[in-house]
Amino acid sequence: MTQCEAPWSNRCALRGEEAEPRRGAVTRPRHVDAVDKSIIEALQKNGREPFRRIAANVGVSEATIRARYARLCEDNILQVTGITNPLGLGFDAQAMVGIRTAGAPEPVADEIAKWDEADYVVITAGQFDILVELVCADRRHLLDLTNRIRAVGGVVSTESFLYLELWKQLYDWGARVQDALEPARTA
């Protein structure tokens, strides 16, 4: 079975408490080689692909795939999960909320990332300091959450973009492997 953590403990996957600093555009990514890339791409096509089949396709042992998979999960590079369309499941209000903050956005992002309804929290450059995707039972719930965001210390303003229909949602961009001929960038 392909699983990083017990299902009940994966609620804050890729956004939870971390011992090391977050990996973002301003920090250097960890090296991902061709084997890691093959694992990522196989699981993006089919999250239930057996490790044995991936190993056969890549030309390494199943134990190697298992160990690499565990490391990719531990390093917050890979998360295998079922993706759904919340609007299709009866959640009647889904929205992206742009947030402007006074001062550093990290404390605000940290607070909102703890909420179950916030499935995507990212610090951005541009018009908004933070973007948050909220999945709500109905519009009243969305209004309550928007008011809750506004009450968080450091929030100056919000702008909500209500989703009317999910048109495209893909997670199959593959993995970038640094070409051996490409010079390594310095941090």
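The values are calculated or read from the model by the stated rules, or taken from the named source; none is laboratory data. Not measured: the values here are computed from a predicted model. A quick note on method: Cβ atoms are made from the backbone with ideal geometry, for glycine too, and the neighbour counts reach across all protein chains shown.
For region 46-56, the tally of residues that are surrounded by fewer than 14 Cβ atoms within 10 Å (Cβ to Cβ) and within 15 Å of Ala34 (Cα to Cα) stands at 1.
Per-residue answers, yes or no, for (1) farther than 30 Å from Gly47 by Cα; (2) in the same structural domain as Ala93 (by TED's automatic domain parsing); (3) modelled with pLDDT under 75; (4) not in a helix (DSSP H, G or I):
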position	(1), (2), (3), (4)
Arg140	yes, yes, no, no
Leu145	yes, yes, no, no
Arg150	yes, yes, no, no
Thr158	yes, yes, no, yes
Trp167	no, no, no, yes
Arg176	no, no, yes, yes
Ala184	yes, no, yes, yes
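Take Tyr120 and tell me if it is of a type in the set (Phe, Trp, Tyr) and without any contact (Cβ under 8 Å) to a residue 40 or more places away in the chain. Spelling it out, Tyr120 is indeed of a type in the set (Phe, Trp, Tyr) and without any contact (Cβ under 8 Å) to a residue 40 or more places away in the chain. Beta carbons closer than 8 Å, at least 6 apart along the sequence or on distinct chains, pair a first residue in region 37-60 that is under 19 Å from Asn76 (Cβ atoms) and without any contact (Cβ under 8 Å) to a residue 60 or more places away in the chain with a second that is polar (S, T, N, Q) and buried (at least 16 other Cβ atoms within 10 Å of the Cβ) for Leu43/Thr2; Gly47/Thr2. Of all residues in region 66-93, those being touching a Leu at 6+ places or on another chain (Cβ under 6 Å) and within 27 Å of Leu43 (Cα to Cα) number 7.
Checking each residue in region 56-77 for being in a loop (DSSP other than H, G, I, E, B) and under 19 Å from the mean Cα position of the chain (by Cα) picks out Asp75, Asn76, Ile77.
Residues that are in contact with a Pro (Cβ under 7 Å, 6 or more places away or on another chain) and either at pLDDT 95 or above or not assigned by TED's automatic domain parsing to the domain that holds Asn46 (or both) occur in region 92-100; there is at least one.
Of all residues in region 28-55, count the ones that are outside any helix (DSSP H, G or I) and acidic (Asp, Glu).
First, pick out the residues of region 28-55 that are outside any helix (DSSP H, G or I): 28-33, 46-50.
If we keep only those that are acidic (Asp, Glu) as well, we get 33, 49.
Residues flagged as outside any helix (DSSP H, G or I) and acidic (Asp, Glu) within region 28-55 amount to 2.
Residue count for region 92-129 under the criterion of being in a strand (DSSP E or B) and among the aliphatic types (A, V, I, L, M): the result is 9. Just one of the listed residues (Leu89, Leu143) is farther than 23 Å from Gln169 by Cα, without any contact (Cβ under 8 Å) to a residue 24 or more places away in the chain and either surrounded by 13 or more Cβ atoms within 10 Å (Cβ to Cβ) or of a type outside the set (Val, Ile, Thr) (or both), namely Leu143. Cys73 meets the conditions (1) surrounded by 14 or more Cβ atoms within 10 Å (Cβ to Cβ); (2) under 30 Å from Val32 (Cβ atoms); (3) modelled with pLDDT of 90 or more; (4) outside the structural domain of Ile54 (by TED's automatic domain parsing) in every case but one. The failed one is (4).
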